Amino acid sequence: MGFELADVKCTHCGLVFDESSMIVENEEDKTLFFCCHGCEGVYHLLSSEGLDTFYNKLGKTTLTPPTNQNFDDLEKFDFDGFKNKYIKVNKDGLNEISLIIEGIHCSACVWLNEKVLHKTDGVIEATINYTNNKAKIVWDDEKVKLSHIISVIRSIGYDAFPYDASLQEARATKTRRDYYSRILVAVFGMMNIMWIAVAQYAGYFTGIAQDHKNILNVAEFVLATPVLFYSGWVFFRGAYYGYKNRIVNMDTLVSAGASLAYIYSIYAMITQRGEVYFDSVVMIITFVLVGKYLEVLGKKHAVDTLDLLTSTLPTEVVVIKNNQKSLIPLENVVIGDIIEVKAGEKIVIDGVIKKGSASFDESSLTGESLPLLKQVGENILSGSICLDSTIRYEATKDSTSSLLYSIVTLLEDSITKKPHIEQLANSISGYFSVAILLIASATFFGWYYLGNAGFEKSLIISISVIVIACPCALGLATPMSTLMGISLSAKNGILFKEASYLETMAKCDIIALDKTGTLTEGKPKVIEAKFLKEFDISLLYSLVNNSNHPISKGIKNYISQNFENFKELKLGEINSIQAKGMSATYGKQKIFGGNNVLMAENGIKGNNVGENLIFNFAINDELVASFELKDTPKSGAKEMINTLKSFGLKIVMLTGDHEKSAKSIANELGIDDIYWGLLPIEKADMIDEFHKQNKKVIMVGDGINDSIALAKSDIAIAIGNGADIAISVSDVVLLNENIDKVSQALQISKRTYKAIKENLTLSIIYNVIAIPLAVAGFVYPLVSALSMSLSSLIVVGNSIRIKKLKFKK
């Protein structure tokens, strides 16, 4: 008696094959079947690593059997060129790369890859974004090489390649084209099915032969089928992945509503009982698909400003070595290389000009519309454009640490960090979708059993409930607004390191401002000069010319503007005395320049001529001149203070300067709350004191002495020309010195937060009105589909209005 071999599942991938073709192994009390040696190898690898629970998480999902992976190309991942282009070293000295993992089908695949990578010695961090399969890998290069990490990924049946933004753009273009084709099919089906529907409705009211009606029903079926299964595939795919991850989303509602209407219509067509709703199926898919496509365009429009920063960036630069020009890849440029840039070319690496001078357009970085003339010795920033000359400059940073790269990194990070209100909205959206399915089910049974409406009417009403509900509008309410806010900020030279800071800043009560360099220019100017005895002005000029202190520069500028016959003398024994001034000798003369403390220490009576900064000049123990200097407020500072007051914020000045100087600036700017003579730790203590009063605090500063207070504040704003440490601890960075950017940042945050609340309110009101109407039977499915799409588009349109924000002056 013969028998047939049974079909069995592969123990690893889950695919079914004839038992005779399988590799069979016996393991303790169970038999293992493998379709290939790849699956066999991966299974034993997972078992040896203690990762057997992968198969429990996989459930009924099948995998693609591992192909014969090519391990011959692994060495390229360790080449210097590859490292320079794709790998960056973080502040802890660890290597970091973004990879796209190929072959991921579900959350179990993500879990498996992360677990295997975490078990690899030397891998510090491995996180994978399931939505785009993008992985962030951090590892210690001394313990493990990237080539080994790639081989580990390949050994379990997946593959990895470096993330490349240009490839992602190509992928986005492909997605848009896919939408085009699906929308064309849907619109074609809708336009034709509406003609048939007109005949159907006319026949319903005036009478129509059953044979004619059957023909029209079949025609509608033929048109509706490709619309549902081709154009509507994006919804079925989204619902499928949602089901696999136990998430009920908008795609679930659309696909469920359209499928129920389609199935019932087939039943009605075959049995010739009741009416068909193929037109509703087409309308549901078409309206929602067009709405979804417009959302995609809206999101693309929102990040255009970010794309603008990196668009048209050259991948190679001209480097001068041994008087020879060579074109080398951007990632191979090292600090100290001499780069040549011609008129019209973009600077891609920060540096200092060594030869030539030119005008530069920095509008994409700072918002400054006027070109800036820069000469030998001056710094140029990546992202600016050389307008009118050829220059050569020395690279002071590499490509990954230059300003433009830092800006792009900050912006990309800011978009991935979700505000609290968005996290809440997303959480509500998930529960909302489940609630809608329950309401729709209750509606069906209520109309069928209690309302005696019959199966057809009960089903159509419940479909209307499913389709009209819009968790999409609720889910879009926050991310669309924050995208617009981040985009507008970047366009105006303001960088929010996280999108969540837009929400936090909008809720703040107090803004604390540093004085020197923040509210003021940080460039003291002489407002009064007293010459007590005659002396050679060249002595004073030569002394202050040996110092970079702002006061010395102020004296030097005063002499340059008011005297002609002076020259630089060669001084001896030049000595800089911290926080007091300086001294030097010229021939037999001993000269001093500084404050009253320095004069007193050397037995010289200083001249206190005012309430501002004092600089005394003495020759051979005799005071010969005294200068009063004042640090003038920045242009627009007073207007900025008035704007902040108009939003109800309490304005506070925190400064280390003495009382008279602080009050002078505060009175000029209209600031009432002043705290002077503060050490850095005392500034931070003031922030803590405000927190004890349950206040949310914005701190604006630019120096090292502000860094502790910045770190303790709810929102820290650093001026772009400030100290690196102040910028590193800040939440918001202003790319230029314009103090009015502080009020602009506040206005953008408040406008964005207002739009978020408006969007949430609109989506809630819509659902509160629309769902009861649908439950009551007043809305048909095609009207539901149109209403659902419109609600999403209203949210998108309201968010785009943020870009039209007009700043208060």
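Observations
- Flagged links, alpha-carbon separation over 30 Å, of 663/695; 355/588; 213/457; 523/750: 355/588; 523/750
- The calculated FRET efficiency for residue 142 paired with residue 102, based on their beta-carbon distance and R0 = 25 Å, is about 0.35.
- Length gained on full extension, residue 597 to residue 44, computed as 0.36 nm times the residue gap minus the Cα-Cα distance: 191.2 nm.
- In order along segment 538-543, the Karplus-derived 3J(HN,Hα) couplings, from 6.51 cos²θ - 1.76 cosθ + 1.60 at θ = phi - 60°, round to 5, 5, 5, 4, 5, 5 Hz, and Gly and Pro are given as x.
- Amide hydrogen neighbours beyond the local backbone of residue 32, cut-off 5 Å, H modeled: 25, 26, 27
- Candidate aspartates and glutamates for bridging to residue 174, where Cα separation is under 19 Å - those fewer than 8 sequence places away on the same chain excluded: 102, 164, 295, 304, 307
- Extension gain for residue 574-residue 271 works out to 98.5 nm (0.36 nm per residue, less the C-alpha to C-alpha distance).
- Take the Cα of residue 693, step 7 Å toward its Cβ, do the same at residue 790, and the gap between the two points is 4.9 nm.
- Taking the average, over residues, of other Cβ atoms within 10 Å as the packing measure, peptides 563-572, 758-767, 484-493 rank 484-493, 758-767, 563-572 from highest down.
- Within a straight-line Cα-Cα reach of under 17 Å, residue 119 can be paired with the following lysines, leaving aside sequence neighbours fewer than 8 residues apart in one chain: 136, 143, 145.
- Relative packing of 373-386, 325-338, which averages over residues the other C-beta atoms within 10 Å, highest first: 373-386, 325-338
- Of all accessible heavy-atom area on segment 574-706, the percent that carbon and sulfur account for (1.4 Å): 47 percent
- Inter-centroid distance (Cα atoms) of segment 739-772 relative to segment 627-664, Å: 32 Å
- The amide H of residue 159, built 1.01 Å from its N in the peptide plane, has 102 as neighbours under 5 Å, considering only residues 5 or more places off or on other chains.
- Whole-Hz couplings from phi, Karplus 6.51/-1.76/1.60, listed for segment 214-222; x for Gly and Pro: 4, 4, 5, 4, 5, 4, 5, 4, 4
- Pairs exceeding 18 Å between alpha-carbon atoms, taken from 374/525; 346/397; 660/712: 374/525; 660/712.
- Accessible surface computed residue by residue for segment 626-667, with neighbouring protein chains in place and a 1.4 Å probe, gives 37 Å² per residue.
- The stretch between residue 546 and residue 240, if pulled fully straight at 0.36 nm per residue, gains 102.9 nm over its current Cα-Cα span.
- Between residue 520 and 634, the built amide H atoms are under 5 Å apart, and every one of these is 5 or more places off in sequence or on another chain.
- Ranked by the mean number of other Cβ atoms within 10 Å of their residues, highest first, the peptides 795-801, 451-457 come out as 795-801, 451-457.
- Cross-link pairs exceeding 19 Å between alpha carbons, from the set 580/683; 515/806; 754/806: 580/683; 515/806.
The values are calculated or read from the model by the stated rules, or taken from the named source; none is laboratory data. These numbers come from a predicted model, not from an experiment. Glycine also receives a Cβ, built like all others from the backbone with ideal geometry; neighbour counts cover every protein chain displayed. For accessibility, only protein heavy atoms count, side chains too; no ligands or nucleic acids. Shrake-Rupley method; radii C 1.70, N 1.55, O 1.52, S 1.80 Å.
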